[in-house]
Amino acid sequence: MKKKSDQRMTKRERIVQKYSKLKHYEKLDIKDKDQIERYKNQLIKLDYMGYKRFCFNLKYLVQFGKDNDFSEAVKMIKEAEDQRIKRNKRNVSNDRKNWKKKR
């Protein structure tokens, strides 16, 4: 999938290349090519939805996904990401309030 140096990869090609790395799947003992393709397709969908944390999302898909149904896993990923965002916003606002105390 290499291109000439004068041509750039499209966004879709970069995403597919990112999620095609087998080392992440092998860490979770996923070796079947069909299974890898299912996970990869779901990870690409999540990436387009804005959930870009590869290893985190893959672990949730493996843990909560049943056969080809990843709806429960996607729901859990959304909840975890919302909690993470709220926690980060709260930490940033606390830092802004206490900036004088840090000096």
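Results for (1) at pLDDT below 90; (2) not small (Gly, Ala, Ser), shown as yes or no for each residue.
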site	(1), (2)
Lys33	no, yes
Glu37	no, yes
Asn41	no, yes
Ile44	no, yes
Cys55	no, yes
Leu61	no, yes
Lys66	yes, yes
Ser71	no, no
For this session: Hey, can you tell me all the residues within the stretch 17-76 that are among the aliphatic types (A, V, I, L, M) and either assigned to a helix (DSSP H, G or I) or in contact with a Leu (Cβ under 6 Å, 6 or more places away or on another chain) (or both)?
Result: Leu22, Ile36, Leu43, Ile44, Leu46, Met49, Leu58, Leu61, Val62, Ala73, Val74, Met76
Exercise. Which one is farthest from Arg12 (Cα to Cα), of the residues in the stretch 32-71 that are surrounded by 15 or more Cβ atoms within 10 Å (Cβ to Cβ) and among the hydroxyl-bearing types (Ser, Thr, Tyr)?
Worked result: Tyr60
Exercise. With respect to Lys86, is the statement that it is assigned to a loop (DSSP other than H, G, I, E, B), farther than 25 Å from Lys11 by Cα, more than 14 Å from the chain's Cα centre (by Cα) and modelled with pLDDT under 90 true?
Worked result: no
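The values are calculated or read from the model by the stated rules, or taken from the named source; none is laboratory data. Since this is a predicted model, take the numbers as computed values, not measurements. Please note: Cβ atoms are built from the backbone with ideal geometry, for glycine as well, and neighbour counts cover all protein chains shown.
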